Every structure is written in structure tokens, then in C-alpha cells.
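The values are calculated or read from the model by the stated rules, or taken from the named source; none is laboratory data. Owing to the predicted nature of the structure, the values given are computational and were not obtained by experimental measurement. As a convention, Cβ positions derive from the backbone with ideal geometry for all residues, glycine included, and neighbour counts pool all protein chains shown.
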Amino acid sequence: MKHGRCFFVLLFFFSALAQGQTGEEVSSTAARPFIVYSDDVSLVSSDTIRHHFTGKFTANLTAGERASLRKQGYKLKPVGMSRLAKPPQGCDPWPACNKDGSNNATRVVPDNQVPWGIRFVYNIPGDFQPVGGAGVNVAVLDSGVTTSHPDLTNRVTQCVDFTRGIIEGSCKDQNGHGTHVAGTIAADGGADGLGIYGVAPQANILAYKVCKGNNCWNDDMAAGMDYAGSNGAHIVSMSIGSDFESELLNEAIARNRHMLFVVAAGNDGPAEGSIDFPAANPDVIAVAAMDADMTIVRWSSRGIDDGNDATISKGEIELAAPGVTIESTWKDGGYTYWNGTSMATPHVSGIAALLWYAGTSVDDIRLALRSMATDIDIAGYDIASGYGAPQLE
């Protein structure tokens with residue numbers, strides 16, 4: 001039985017909380033996540049510590065604790081936050097939008113086992129079953145993953161929650177966003193072969209929960225990046241971002257250059273320079289969203305063009321991918337459709353998994369993706385689609 005269709009426009013705007021980016025509140029005494037520029041974690045109680053990085057740590061600090069540390073001469077800075085959107089109006093209650101009411105005891109099947117975005121990537125007009133990605137580890141930093149989903153249960157090899165410290169074996173997805181992203185990368189159709197397929201259905205998913213509800217603290221994300229870098233990840237797929245640049249994220253990317261970072265450009269278009277962070281970091285691949293007509297959608301964030309098309313600079317889009325009416329796995333064991341650069345990003349992450357091989361480098365993969373790109377939008381490099389949309393030959 002097929003689920004009912006419900007089309008979401010994912011407008012996760014990536015806006016930061018004012019307190020988290022522009023300074024702390026004056027009157028509130030509530031504990032807030034702050035960076036403490038010291039290696040001495042004994043400065044605060046152990047139950048307030050969030051994550052430890054070289055030369056700094058993060059902790060939930062009250063206004064009084066912040067004042068005391070500053071009086072002692074320690075530098076502090078708000079951690080900063082990125083966000084995932086709530087579902088748009090007209091689609092409540094949320095679970096009822098995903099299927100026609102059949103319960104999870106009955107195998108729900110997708111409308112399309114090979115969605116249009118996967119067909120575009122493979123550039124195969126007829127029926128086929130995607131293959132590839134064996135042995136490649138793709139870390140999905142997101143809202144978690146429903147590891148019991150029939151099409152993902154054999155793909156998830158790590159499951160870690162960073163929103164409560166670092167808790168292995170826990171990555172429950174209460175949002176749905178992360179499960180959707182993971183499916184586009186590596187859904188394998190399930191043991192019965194009735195499910196949906198992602199770009200690289202033999203790749204491994206490292207499910208890292210860095211968003212609690214709709215909120216994604218930057219220190220949780222940075223801790224997830226470091227964990228991925230130390231635990232076998234080859235590719236990091238991040239459909240998260242913010243209007244504000246993050247020191248923690250920039251440093252984590254720099255520490256882990258052996259991994260390929262693929263990041264959503266954001267849904268703040270069409271103004272030039274509307275790209276979000278960390279997609280604007282030149283050491284990651286920033287991905288824009290296009291529709292089935294190979295048109296960059298209006299809401300897809302745009303980058304800039306520094307005039308040097310041979311390299312990617314800060315604030316430039318690198319690639320585009322399918323991001324409209326994307327069907328994929330859902331948190332309840334079924335399937336649903338979403339729109340957004342969040343949905344475009346895992347297409348590129350999946351292609352990268354197909355291209356990865358022993359001894360390859362991040363630069364090798366980036367160059368290969370560019371060489372595979374079909375030019376769209378304005379001829380040549382442009383601020384909307386970068387080098388274009390990669391397709392397999």
C-alpha cells in the first residue's frame with residue numbers, strides 16, 4: 001500500500017538564535033552554551049561540560065558563572081546555533097502526512113523505488129537498480145536516523161548522539177530530516193527488495209545526531225565532525241547551516257581535511273551571496289538545489305563569483321543537484337517527499353561515495369565531481385549552480 005503524498009517545502013533558513021550569535025542576554029540567569037577559552041575543564045562543574053576541543057571547551061553556563069569566569073580573566077563566547085525547520089502549516093498532524101494510515105506492521109512501499117533524483121544522477125532512462133559504495137563510510141550529521149527503517153537497517157553502522165555529550169548506540173530521529181537525507185545517500189531497498197534506493201546503496205551510514213528537535217548547536221556539530229574524522233568516515237554530509245560563520249565549525253573542518261565535506265547551500269535565495277555557513281567555507285562542497293527541468297529554484301541560496309573559475313573561494317557554490325519533490329525514507333518506517341538544498345546535498349554525497357576508492361583524496365573527488373557536472377543555468381561557472389550538476393556516465 002502506498003503512502004499519501006504530502007509535499008513539504010523545507011525552509012530551514014539556518015537562522016541563528018540572537019543570544020547564540022550576537023551576544024548574551026542581560027537579564028536571564030538560565031544556563032547557555034558558551035565556549036571557554038581554556039583547557040582547564042575544572043573551572044566549571046563536570047555536569048555542565050559539553051565538549052572539549054584543543055585550547056577550549058564548551059559548557060552550559062549561567063549568567064553568574066559567566067561573570068565569575070570573566071572576572072578571573074577567561075575569554076568566553078556564545079557557542080552559536082543552526083536550525084532545522086518545523087513542517088509548514090497545512091500538514092498537521094505530522095505523521096498523518098506521510099502515508100495513508102496503514103500501520104507499520106504492514107510493509108509500506110514507496111511511490112518510486114528509484115526516485116527521479118537518483119535517475120538523474122545515474123543518467124539512465126530505463127529501469128535499473130543502483131549499486132555501489134561498498135566499504136565507504138558516509139557520516140550524516142543531522143537529526144539522527146531511524147535505524148529500524150527496512151531500507152536503512154543494514155546501512156547504519158554507527159549510531160551516536162552528540163546532543164547529550166557523546167552517547168554511542170543512540171541516534172533516534174524525532175524530526176525525520178536525517179532519515180530522509182540518509183535514504184537518498186544509501187537506502188538499499190530492504191531485505192525484501194520492496195523499498196527505495198539511494199545513490200550508493202552499499203555505502204555505510206554513520207548516523208550522528210547533532211540536532212535536538214530543530215536546534216543544532218555548533219559545538220555538537222564540531223564534536224560530530226571530529227568523531228567522524230577519528231572513526232573511519234570518508235565523507236561528511238551536512239544539510240545544516242546558519243547565516244553566521246562559526247569558529248568551531250571552521251576549525252573542525254580544518255582539522256579533518258582527510259574527509260570530504262558536502263554541505264547544503266541554504267534556502268535563502270535568490271539574492272547573490274545568500275549562501276549559508278558552513279557551506280560558504282571554501283574547504284567544503286556547497287550544493288544548490290534544482291528541479292526536474294534542471295532549473296535552479298528561486299529559494300536555493302546563491303553564492304558569489306570571484307572571477308577565478310579554476311578554484312572555489314569563500315562564499316562560492318560548487319555544485320547543484322536534485323532538490324525538489326525528493327522522495328526518501330521517513331522516520332516512521334515509511335516514505336515522504338521534501339524540497340530543499342538539504343535534499344540536494346545527499347545526492348552529491350552519494351555520488352562521492354561511488355567515486356571513493358582506497359588511496360583517493362578529497363581533492364581527487366572534488367575534481368571528479370566537477371568533471372562530471374552537466375552545465376546548467378548560465379553557461380560556465382555561475383553563482384546559482386557553480387560548475388553544474390554531476391551525473392554518472
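Which residues, taken from the range 266-299, are modelled with pLDDT under 95, in contact with a helix residue (DSSP H, G or I) (Cβ under 7 Å, 6 or more places away or on another chain) and of a type in the set (Gly, Ala, Ser)?
Result: 266, single match.
Which of the residues that make up the range 72-108 are modelled with pLDDT under 90, farther than 30 Å from residue 215 by Cβ and not charged (D, E, K, R)?
Hits for the range 72-108 are 101, 102, 103, 105, 106.
Restricting to the range 109-146, what's the tally of residues that are in contact with a Ser or Thr (Cβ under 6 Å, 6 or more places away or on another chain) and either at pLDDT below 95 or not in a strand (DSSP E or B) (or both)?
Total meeting the criteria: 2.
Quick check on the range 366-382. Is at least one of its residues assigned by TED's automatic domain parsing to the domain that holds residue 240, of a type in the set (D, E, K, R) and closer than 18 Å to residue 184 by Cβ?
Checking the range 366-382: not a single residue is assigned by TED's automatic domain parsing to the domain that holds residue 240, of a type in the set (D, E, K, R) and closer than 18 Å to residue 184 by Cβ.
Could you go through the range 374-382 and let me know if any residue there is among the acidic types (Asp, Glu), in contact with a strand residue (DSSP E or B) (Cβ under 9 Å, 6 or more places away or on another chain) and in a strand (DSSP E or B).
yes
Restrict the check to the range 335-346 and report whether at least one residue is under 14 Å from residue 137 (Cα atoms) and either touching a residue at least 40 places away in the same chain (Cβ under 8 Å) or not basic (Lys, Arg) (or both).
There is at least one residue in the range 335-346 that is under 14 Å from residue 137 (Cα atoms) and either touching a residue at least 40 places away in the same chain (Cβ under 8 Å) or not basic (Lys, Arg) (or both).
Just the residues that are touching a Gly at 6+ places or on another chain (Cβ under 8 Å) and either closer than 12 Å to residue 351 by Cβ or at pLDDT 95 or above (or both), please, taken from the range 376-393.
If the condition is that a residue be touching a Gly at 6+ places or on another chain (Cβ under 8 Å) and either closer than 12 Å to residue 351 by Cβ or at pLDDT 95 or above (or both), then 383, 384, 386 are the ones that fit.
Among (1) under 17 Å from the mean Cα position of the chain (by Cα); (2) farther than 24 Å from residue 197 by Cβ, where does residue 251 come up short?
Answer for residue 251: the failing condition is (1).
Sort through 194, 206 and tell me the only one that's over 18 Å from residue 50 (Cβ atoms) and part of a loop (DSSP other than H, G, I, E, B).
194
Would you confirm, using the coordinates I've provided, whether residue 336 is β-branched (Val, Ile, Thr), within 23 Å of residue 118 (Cβ to Cβ) and part of a strand (DSSP E or B)?
Answer is yes for this residue.
Exactly one condition in (1) part of a strand (DSSP E or B); (2) in contact with a Pro (Cβ under 9 Å, 6 or more places away or on another chain) is false for residue 315; which is it?
(1)
From (1) surrounded by 24 or more Cβ atoms within 10 Å (Cβ to Cβ); (2) over 13 Å from the mean Cα position of the chain (by Cα); (3) touching a residue at least 60 places away in the same chain (Cβ under 8 Å), pick out the condition that doesn't hold for residue 188.
(3)
Mind listing just one residue for me: the one in the range 191-214 that is among the aliphatic types (A, V, I, L, M) and over 16 Å from residue 136 (Cα atoms) and, of those, surrounded by the fewest Cβ atoms within 10 Å (Cβ to Cβ)?
Ranking the qualifying residues of the range 191-214, first place goes to 191.
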